[in-house]
Amino acid sequence: MQKNLYTINSICSLIVLLILSGAFFFQFGLGEEPCPLCLLQRMAMLGMVFGISLNTWYGFKKEHFSVVIVSALVGVTFSIRQVLLHIAPVVGEPTGYGTAVLGMHLYTWAALVFAASILGSAILLALVKEEDNSERVPDTFEKNVFYFAIFICAANLVAAFFECGLGPCCENGPCLIT
């Protein structure tokens, strides 16, 4: 049973990584630059992937799940903030930011993903037993998901750098101090 939970753990990480890859499609394929709140949501998703990766490499521990849950709580806060910004927009402004997918914007989907991650972490915490897995070797699938995570993390870092530079990220590119 425990081996199957490691596979489920890696599948969860892969799902989040594919969501982040989809965000890259919107950014580079459709030319929709992410706003600062979007970038913060991406960082929260990477935090979730980090916690899941800790499970993969060092075994299931409550501390690893706490990284996932805290990252998801931070991310859902940013997502809900963005949803609330667009619930009652200023008259004459668009009602959402970016292209909608299946009727909802990416930040709304992100809020659902963060909530599902909290629920999934709670379920996995109930199913796994903590044990010393210092000699555990991840299988090929788990390693490949981990390497994909490193790639997506690096790609986000580079993309954010080119969008924002070394300073804070503003709505329309780097902030210019006048």
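The values are calculated or read from the model by the stated rules, or taken from the named source; none is laboratory data. Since we're looking at a predicted model, the values are computed, not measured. Every residue, glycine among them, receives a Cβ derived from its backbone with ideal geometry; neighbour counts consider all protein chains shown.
Across segment 29-49, what is the total count of residues that are part of a helix (DSSP H, G or I) and in contact (Cβ under 8 Å) with a residue 24 or more places away in the chain?
Looking only at that region, the number is 14.
Considering only residues of segment 140-156 that are surrounded by 13 or more Cβ atoms within 10 Å (Cβ to Cβ) and over 15 Å from ILE15 (Cβ atoms), which is modelled with the lowest pLDDT?
Within segment 140-156, the match that is modelled with the lowest pLDDT is ASN156.
Please find, within segment 157-178, the residue that is modelled with the lowest pLDDT out of those that are of a type in the set (Gly, Ala, Ser) and outside any helix (DSSP H, G or I).
GLY173
Hey, could you check segment 65-89 for residues that are closer than 17 Å to TRP109 by Cα and more than 15 Å from the chain's Cα centre (by Cα) and say which is surrounded by the most Cβ atoms within 10 Å (Cβ to Cβ)?
Checking each candidate, the answer is GLN82.
Out of segment 87-117, which residues are of a type in the set (S, T, N, Q) and either under 23 Å from SER13 (Cβ atoms) or at pLDDT 80 or above (or both)?
THR108, SER117
Restricting to segment 11-60, count the residues that are among the hydroxyl-bearing types (Ser, Thr, Tyr) and over 14 Å from the mean Cα position of the chain (by Cα).
Total satisfying the criteria: 2.
What about ALA23, is it in contact with a Phe, Trp or Tyr (Cβ under 8 Å, 6 or more places away or on another chain), more than 17 Å from LYS143 (Cα to Cα) and among the small types (Gly, Ala, Ser)?
For ALA23, the condition - in contact with a Phe, Trp or Tyr (Cβ under 8 Å, 6 or more places away or on another chain), more than 17 Å from LYS143 (Cα to Cα) and among the small types (Gly, Ala, Ser) - is not met.
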